[in-house]
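The values are calculated or read from the model by the stated rules, or taken from the named source; none is laboratory data. Just so we're clear, the structure is a prediction, and the values are computed from it rather than from any experiment. Neighbour counts run over all protein chains shown; Cβ positions are idealised from the backbone, glycine included.
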Amino acid sequence: MMRVGYITGDRPAASWIYTLNGDLYGLNIVDVWYDAGAALAQPPRSDIDVWLVDHEAIAGHWDAFDRHRERDGRLVPVIVVCASEEHVARTLRRRVNAVLTEPVGAWDVLCAVSAAASGELFISPRMLRQYSQEIIHLLSPSNQRPEEELTERETEVLRLLAEGMSNSRIAAYLHISSATVGTHVLSIRRKLQAANRTEAVVQAYRMGLVTNRSVLEPSAI
């Protein structure tokens, strides 16, 4: 039974989520919040396996939300429901596990939850048809390289960032201080021209600096 937390800004439309609650679909809807600020003001929930959020509800709260869903150095999977093409493009640049478009069907949610639990990326077939060119552009490798090469240590830190580790976890893993990790992260962001650590990871994937193999295999880190 997968435990799901739902953040939405539309109270009347949120009742559909409860139709998926129970043994039939294997989902346990732990809680529903109608205000992202109120949800994030609470202590992080340890009883949520997957987050389901509406893009409009979480917009402006992404950094706080990423901190909120961090657990043991990793991010709890998140599924984002988007209402427009602009939202889709922005969401795909975030560290999300699934992107759905309205109207959302039960099949979409179940597939997304299954993919998120496995650490995979799920994009609904309807969304692939509607936004195929944008998705291809965002996920395709880029020939661009950083103007200034990353050092060996910065590359190590970048790969651990892509794994979803916090600065403190990276520090413990590499046996260095958190302050030193922070310095490396700032340098990585500068070299990749990234506004934040999430954008740095996206850029790294597009430039081929990080691959699924290099992230998932400890021997490659």
Residue match in region 66-79 (condition: modelled with pLDDT under 85, of a type in the set (Gly, Ala, Ser) and not assigned by TED's automatic domain parsing to the domain that holds residue 168): yes
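Quick check: is even one residue across region 198-210 of a type in the set (S, T, N, Q) and either closer than 19 Å to residue 73 by Cβ or at pLDDT 85 or above (or both)? I'd like the intermediate steps shown before the answer.
Residues of region 198-210 that are of a type in the set (S, T, N, Q), as a first pass: 198, 203.
Imposing the further condition that a residue be either closer than 19 Å to residue 73 by Cβ or at pLDDT 85 or above (or both) reduces the set to 198.
Yes, region 198-210 contains at least one residue that is of a type in the set (S, T, N, Q) and either closer than 19 Å to residue 73 by Cβ or at pLDDT 85 or above (or both).
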Subset of region 1-24 [closer than 20 Å to residue 111 by Cβ, surrounded by 17 or more Cβ atoms within 10 Å (Cβ to Cβ) and not hydrophobic (A, V, I, L, M, F, W, C)]: 5, 6, 8
Sole exception among (1) more than 18 Å from residue 66 (Cβ to Cβ); (2) of a type outside the set (Lys, Arg); (3) at pLDDT 70 or above for residue 119, by number: (1)
Selection within region 77-110 - of a type in the set (A, V, I, L, M, F, W, C), under 23 Å from residue 205 (Cα atoms) and either assigned to a helix (DSSP H, G or I) or touching an Asp or Glu at 6+ places or on another chain (Cβ under 7 Å) (or both): 88, 89, 92, 100
Filter pass, residue 101 being among the hydroxyl-bearing types (Ser, Thr, Tyr) and over 25 Å from residue 21 (Cα atoms): no
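Restricting attention to region 30-47, report how many residues are in contact (Cβ under 8 Å) with a residue 40 or more places away in the chain and either crowded, with 16+ Cβ neighbours inside 10 Å or not in a loop (DSSP other than H, G, I, E, B) (or both).
We begin by selecting, within region 30-47, every residue in contact (Cβ under 8 Å) with a residue 40 or more places away in the chain; these are 45, 47.
So of that shortlist, the ones also either crowded, with 16+ Cβ neighbours inside 10 Å or not in a loop (DSSP other than H, G, I, E, B) (or both) come out as 45.
Selection size over region 30-47: 1.
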